[in-house]
Amino acid sequence: MQTFNKGAIVEDHLCINLYKTMYLIRRAEEKIQEYYPDDEMKTPMHMSMGEEAIVAGVCHALSPDDQVLGTYRSHALYLAKTGETDRFFSEMYGKAEGCARGKAGSMHLSAPEQGLLCCSAIVASSIPVALGTAFANKYKQNAKKVAVFFGDGALDAGVFWESLNFACLKKLPILFVCEDNGFAVHTRREHRQGYVSINDVVSKFNCNAFQEDTTDAEVIYNVSRAAMRALEENDGPCFLRFRYYRYLEHVGINEDFDAGYRSRSEYLQWREKDPLTVLKSKLLFKGVGMEELAVMESEIEAKILKSIELAKKAPLATTSELQQGVYQCE
């Protein structure tokens, strides 16, 4: 298992950019919570609250040309990789100006021109697509890396192990990023997995395995950079496991601590190390002023509200759009 220097010095502007990304994700989703009851967003919502540090840290470690793929819990990944909110909210509202012209909704966000190739609503299904992308990149010798994000429930799918095995055999430039919240929907890890440590198992493959339990986006960035270096130096895949706690229900905009499968006290323990609070405290310690942070936050707020206003006013796609962008057999 790889080691890395947690104390590596990272310039303040990195932490500022990480905070901006996480604040954008959090406030965008809080606005979804606010407006979703109006019933104008006709899409199920799998919210990302609690995992912001993972996507922010990993995506900032990638180059702009590198590619990512994700799951149905796709808001954070889309916003971290693109930084844009106009097409994001238009897609939430099913409008023609959305990133998929209103046909994808919350679970299938994509921005191929910015490196987000796809997100999929089927557990583990984006993993083999990422594998094929990494294989193509190696064949083309274009130096692009691929990061595929998935929950720990995907570890129970055979396609994960098949893809990991093939990536090791072919020494592909791919990061397998496990966003581990301890549940597959409502089922805890110990009721699903016949091993103690996934990293111990993965490290038996010809694969560099990393893990970190922190909610500090800067540490996650450093781990991800170490993985990128290992990928380049050892010419093979990396597996990264990061833990987080899903704040809301599996699907929806509400809490679900009355469902019986987890407790509110468990949530409150994780909330004490909320990723935004952790990084904001670090920025203040580094000497960034509250006024500067307030300006950044207000600019992001204004950007989100403008995007929501545009999305509400935007036209719906015409019925002819149903036949666009799909394979048709003559």
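Every number here is computed from the coordinates shown, using simple stated rules; none is lab data. Quick caveat, the model's predicted, so the values are computed rather than measured. Here the Cβ positions follow ideal geometry from the backbone for every residue, glycine too, while neighbour counts run over all protein chains shown.
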| query | In sequence order, what are the phi-derived ³J(HN,Hα) couplings for the range 251-264 according to the Karplus relation 6.51 cos²θ - 1.76 cosθ + 1.60 with θ = phi - 60°, rounded to whole Hz, with x for glycine and proline? | reply | 9, x, 10, 10, 6, 9, 6, 8, 7, x, 8, 7, 10, 5
| field | Cα-based equivalent ellipsoid of the chain: semi-axis lengths in Å, sorted from largest, via gyration tensor | value | 29, 25, 21
| task | Specify, per residue and in Å³, the volume enclosed by the convex hull of the alpha carbon atoms belonging to the range 1-135. | result | 129 Å³
| query | Near the amide H of Gln211, under 5 Å away, which other amide H atoms are found, from residues 5 or more places off or on another chain, if H is placed in the peptide plane? | reply | Arg241
| request: List, in order, the whole-Hz ³J(HN,Hα) value for each residue of the range 182-198 obtained from phi through the Karplus relation with A = 6.51, B = -1.76, C = 1.60 and θ = phi - 60°; use x for Gly and Pro. | output: x, 10, 10, 6, 10, 9, 5, 4, 5, 9, 10, 10, x, 9, 8, 10, 5
| message | Helix-only estimate, please: 222 nm mean residue ellipticity of the chain, summing -39500 (n - 2.57) across DSSP H runs of length 4 or more and dividing by its residues, to the nearest 500. | response | -14000 deg cm²/dmol
| remark: The long-range amide H neighbours of Gly252, using H built 1.01 Å from N in the peptide plane and a cut-off of under 5 Å, are Met45, His46, Met47
| Amide H to amide H under 5 Å from Gly182: which residues, 5+ apart in sequence or cross-chain, H placed 1.01 Å off N in plane? | Asp152
| Whole-Hz ³J(HN,Hα) from phi, Karplus 6.51 cos²θ - 1.76 cosθ + 1.60, for the range 23-33, glycine and proline x | 5, 4, 4, 4, 6, 4, 6, 5, 6, 4, 4
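Using a simple charge model, +1 on the beta-carbon of Lys and Arg, -1 on the beta-carbon of Asp and Glu, nothing else, what dipole does the range 109-232 show about its Cα centre, in debye to the nearest 20?
About 620 debye.
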| remark: Extension length gain for Lys204 and Ala96 (0.36 nm per residue less Cα distance), in nm, is 34.1 nm
| query | Counting only DSSP beta bridges with both residues in the chain, what percent are antiparallel, rounded to the nearest 5? | reply | 15 percent
| Where a label projected 7 Å from the Cα of Asp213 along Cα→Cβ would reach, residues of the range 250-279 with amide N under 17 Å | 266-275
| request: May I ask you to derive the relative contact order of the chain, considering only C-alpha pairs under 8 Å and at least 6 residues apart, and to give it as an integer percent? | output: 24 percent
